[in-house]
1. Rounded to the nearest 500, what is the chain's calculated 222 nm mean residue ellipticity when only DSSP H runs of at least 4 contribute -39500 (n - 2.57) each, over all residues?
2. What ratio of Cα Rg to 2.2 N^0.38 Å holds for the chain?
3. Assign unit charges at the C-beta atoms only (+1 for Lys and Arg, -1 for Asp and Glu), then state the dipole size of segment 134-265 relative to its Cα centre in Debye, rounded to the nearest 20.
4. Taking neighbour Cβ counts within 10 Å as the exposure measure, how do SER285, SER201 sort from fewest upward?
5. For segment 128-206, list log₁₀ I(q)/I(0) at each q in 0.18, 0.20, 0.27 Å⁻¹, using the Debye formula over Cα point scatterers of equal strength and ignoring solvent, two decimals each.
6. Rg/Rh for segment 38-127: what does it come to with C-alpha atoms and Rh from Kirkwood?
7. Please report the projected area of segment 179-297's Cα convex hull averaged over all directions, in nm².
8. Sorting check: for 116-129, 173-186, 45-58, which peptide has the highest mean count of neighbouring beta carbons within 10 Å, and how do the rest follow?
Amino acid sequence: MKRLLIYLLGLLVIFSGLMNTGCGEKKEVPTFILVPKSVGHPYWVEVERGMNAMAKELGVKAIFNGPPTGSSALQISIIEGAISSKVAGIGISPNEPEAVEAIIKSATEKEIPVITFDSDSPNSLRSYYIGTDNYQAGKTLGERFIEIAGTKGKIAILTGGLGAMNLNERIKGFKDAIAEYPALMTVSMQANNDDEALALSQAEAILQSHPDLLAFVGVNAPAAPGAARAVKALDKKGEVKILGFDTVPITLDFIRQGYIQGTVAQRPYMMGYVSLKVLYDIHNSKEIQLPEGFEAADKIIDTGILFITPENIDEHFPK
Ligand code: BGC
């Protein structure tokens, strides 16, 4: 409760939306907000960097504020605060797609445009979803898994929040891709709520119960590095395979050291960058004009993925 009050107070100050023009007179600058699932993780820092770059290009104010850990209730409180402060547009990466439908409806009733980014709420009144095609990304992970880890053995899946649509779509895509190999068995699935320390302790417990584990499959950013720490502690490098998502610095390090064999690279910077542009265009009642290389199909703007392995890491992430 106290934390929430501090958030809301902070927002009040930021949402004042007034900028000094330097001539003594004050000019109103539109203020937008992006609400991630949580704040602090390097994945989200990249989204914020992209948002800030676009805010600078457009000369608008943009706030990046979410709960300390994945919580729909706190996301909703932050959005309620943003609506009362009459922001010019709201972006949200929902921890649970249904939980935000009502608040998205009330924002749109007040003519505040809403988009989703990173994870969607497809039955809400959001204008666009901007982010990865998560089902396809999960499928890619499954196809590459077969090449890297083979077609026989025990798999443990590490996810973030059990209600997160993007992560559940990744799991579905992954499972569909390996479905024709009955000798691949999922023996455990754990939810780390986007917390790497929890991912590590879960991976350790899984290795204790399944010493013959073939592979960890991580579908959120902290999963693969959490698993890599556990595999490192037990000196099982390469023996237990690890495939995951995202290219945060610790994941890239573990790929270079040979602990992680592959990761799906999303484009979090671009999610922040494109999301703000879309909100800005809708706010100005303009047809949306996307940065080069992006297009909208069925109200979805796919930001794309790459698959990073020890073989191509230096090409895409030069040291
Ligand atoms: C997902 C986010 C998640 C983040 C941190 C990313 O892979 O796209 O939704 O919050 O990992 O766990």
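Read the figures in this text as sums done on the coordinates, not as results from a lab. Note that this is a predicted model, so its numbers are computed, not measured. Note that we place each Cβ from the backbone using ideal geometry, even for glycine, and neighbour counts take in every protein chain shown.
1. -13000 deg cm²/dmol
2. Dividing the Cα Rg of the chain by 2.2 N^0.38 Å gives 1.04.
3. 220
4. Least crowded to most crowded, the residues run SER285, SER201.
5. -0.79, -0.95, -1.28
6. A ratio of 0.94.
7. Its average projected convex-hull area is 10.1 nm².
8. 116-129, 45-58, 173-186
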